[in-house]
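Each remark here refers to the structure printed beneath this line.
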Amino acid sequence: MATRALLLLREAPPWAVAGAAAAVALLWLAAWTLEWAWWTPRRLDRALRAQGLKGTRYRLFTGDVRENARLNREARTKPLPLGCHDIIPRVLPMLHKVVKENGTVSFTWFGPTPRVMIPDPESVKEVLSNKFGHFGKQQFSRAGKLLGDGVANHEGEKWAKHRRILNPAFHHEKIKKMLPVFATCCVDVINRWENSMSSEGSSEIDIWPEFQNLTGDVISRTAFGSSYQEGRRIFQLQGELAERLIQSFQAIFIPGYWFLPTKNNRRMREINREIHKILREIIGKREKAMKNGETNNDDLLGLLLESNMRQSNGNAKLGLTTEHVIEECKLFYFAGMETTSVLLTWTLVVLSMHPEWQEQAREEVLNHFGRARPDFESLNRLKIVTMILYEVLRLYPPVVLLSRRTYKGMELGGIKYPAGVNLLLPIIFIHHDPNIWGKDAGMFNPERFADGISNATKHQAAFFPFGGGPRICIGQNFALLEAKMALCTILQRFSFELSPSYTHAPYTVITLHPQHGAPIRLKKL
């Protein structure tokens, strides 16, 4: 029978063979789509509900994406009262609504994939430790990797290799040597602010773009030894890319969506090509200079390239390719700029709302440094400033949630999760939970960190603004030191309060941004 079918196929005209092949391909695609978009979600839904979990109803293909977008649009039309730190209903309205209706361990749908909230710090700790390799990073689409397909996205041995090569660049002693660069960039900003002052010694400035420029300058100089003006194009491009990625999330789960010639997709690809071109030129010049002995390796790129050469030891398979280095540089730019600019912006906003803590912080800074440039050892001894930064990170974490995926059936917190489920680790929900932090969880109270992080809460794993476990953010010490330097420099020169035009409207564009900027009134001391 099979032989006869083959003979008939050989004798058939080419158009008939092509038609048969197309029909088989269409049947396979239809079967795959049915499995992906209907049978698998239905099976996962039954498995979760059978254990008592509640969640939203699965909608074919889209899941909750459209409803999430609608609730976000609605929330962004309603600013919060000044002094209100209960920001979850505005920042994550969909998850807030689902938790309110279905309990803390509930689930939503991102396309055909269920996303389960994991609100228990002990379970979060287990997931982030990932001792047995059963909880993996959520796999981003091609578009989702555009901001930087580096160490933060890798798994297994590839992650281990990248992390091993990157670690020396973020060593304690290396970051300590970068402190003069932090200071220089901060002084440049302060001088510019002072020059803009009126004759009465006051001015109004939107600190959000100011801090983006500051942290962009810092990461340019510390990563590439260049000024912000030279690296400005990359910041502009990545800022636009982040906004466009948010737009695309409404359809990004559709297989092959990235390849559709939409205006947004075309622009994202153009941005990616331009960023790669700029970084390839920077890296090429640096490698050439290093070979000629014309440069030192005190910046992050130099340290990375030096570590890469040492690890590979002439064997290219053991090191990173130029493309790998480019992706890590993209992460330097985006993560290095975003995390600290977000932290500084919300810190000044919150200290403007709570002037008593602003005065305490200023008194501590002036007692340690006067008007002199802060030094590394003294920065690390600042107790009140550190308490304030921790409390801002608790209430306004730059990244509001993390996501992991089950590779196989796993039991967690008494619930058996099948393979293919996304686990949401809701940083902001846990950071605001009164059962963990006490009745004043929604209030700004740095005093809770007076005896350190371990004594601030009932569970040590309940505070994780930089993630946790072996994949904890490699740049957290860099970000905190930069933030301390900037905050101290500002407190030495100015007092500040919110402008009457300020609108309290936090929202997420990858990280936690002020929707309408952050205009502050500065007064020279």
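The values are calculated or read from the model by the stated rules, or taken from the named source; none is laboratory data. All of these numbers come straight from a predicted model, not from anything done at the bench. Because the Cβ atoms are built from the backbone with ideal geometry, glycine has one as well, and the counts that use them run over all protein chains shown.
What number of residues within region 170-195 satisfy the criterion of being assigned to a helix (DSSP H, G or I), of a type outside the set (G, A, S) and either in contact (Cβ under 8 Å) with a residue 60 or more places away in the chain or touching a helix residue (DSSP H, G or I) at 6+ places or on another chain (Cβ under 6 Å) (or both)?
16
Looking at C84 and the list (1) more than 29 Å from the chain's Cα centre (by Cα); (2) of a type outside the set (K, R); (3) modelled with pLDDT of 95 or more, which single condition is not satisfied?
Every listed condition holds for C84 apart from (1).
Sort out for me the helices (runs of 4 or more DSSP H) sitting completely within region 382-490 that have 1 or more residues that are surrounded by 22 or more Cβ atoms within 10 Å (Cβ to Cβ) and in contact with a strand residue (DSSP E or B) (Cβ under 7 Å, 6 or more places away or on another chain).
Result: 383-395, 427-431.
Just one of (1) modelled with pLDDT of 90 or more; (2) crowded, with 17+ Cβ neighbours inside 10 Å; (3) not in a strand (DSSP E or B) trips up F107, so point out which.
(3)
Can you find even one residue in region 154-163 that is modelled with pLDDT under 90, out of contact with any strand residue (DSSP E or B) (no Cβ under 7 Å at 6 or more places or on another chain), in a loop (DSSP other than H, G, I, E, B) and under 30 Å from E328 (Cβ atoms)?
Looking for residues that are modelled with pLDDT under 90, out of contact with any strand residue (DSSP E or B) (no Cβ under 7 Å at 6 or more places or on another chain), in a loop (DSSP other than H, G, I, E, B) and under 30 Å from E328 (Cβ atoms), one finds at least one in region 154-163, hence yes.
Using the structure shown, decide if S227 is modelled with pLDDT of 90 or more and surrounded by fewer than 19 Cβ atoms within 10 Å (Cβ to Cβ).
For S227, the condition - modelled with pLDDT of 90 or more and surrounded by fewer than 19 Cβ atoms within 10 Å (Cβ to Cβ) - is not met.
Considering only region 82-90, I want to know if a residue exists there that is in contact (Cβ under 8 Å) with a residue 40 or more places away in the chain, basic (K, R) and over 19 Å from N422 (Cβ atoms).
Yes; the residues of region 82-90 include at least one that is in contact (Cβ under 8 Å) with a residue 40 or more places away in the chain, basic (K, R) and over 19 Å from N422 (Cβ atoms).
When region 363-381 is examined, which residues are found to be modelled with pLDDT under 95, in a helix (DSSP H, G or I) and surrounded by 19 or more Cβ atoms within 10 Å (Cβ to Cβ)?
L379
I need every pair where a residue in region 16-38 that is small (G, A, S) has its Cβ under 8 Å from the Cβ of a residue that is in a helix (DSSP H, G or I), sequence separation at least 6 or different chains.
Between residues of region 16-38 that are small (G, A, S) and residues that are in a helix (DSSP H, G or I), the close pairs are A20/L9.
Considering each of S501, S454, S495 in turn, give the residue that is closer than 14 Å to P121 by Cα and of a type in the set (S, T, Y).
S454
Within the set of pairs 6+ apart or on separate chains, which have a first residue in region 419-432 that is on the phi > 0 side of the Ramachandran plot, a second that is surrounded by fewer than 21 Cβ atoms within 10 Å (Cβ to Cβ) and in a loop (DSSP other than H, G, I, E, B), and C-beta atoms under 9 Å apart?
Every condition considered, the pairs that remain are G420/Y407.
Would you say S198 is outside any helix (DSSP H, G or I) and within 26 Å of H513 (Cβ to Cβ)?
Spelling it out, it is not the case that S198 is outside any helix (DSSP H, G or I) and within 26 Å of H513 (Cβ to Cβ).
All but one of (1) assigned to a loop (DSSP other than H, G, I, E, B); (2) on the phi < 0 side of the Ramachandran plot; (3) not aromatic (F, W, Y) hold for V98; which doesn't?
The failed condition is (1).
Taking region 296-323, which residues are among the polar types (S, T, N, Q) and either touching a residue at least 12 places away in the same chain (Cβ under 8 Å) or not in a loop (DSSP other than H, G, I, E, B) (or both)?
Correct list: S307, N308, Q311, S312, T322.
Which pairs have Cβ atoms under 6 Å, sit 6 or more apart or on different chains, and link a residue in region 231-251 that is closer than 19 Å to T113 by Cα to one that is at pLDDT 80 or above?
Listed by first residue and then by second, the contacts come to I246/V509; S248/N264; Q250/V65; Q250/A69.
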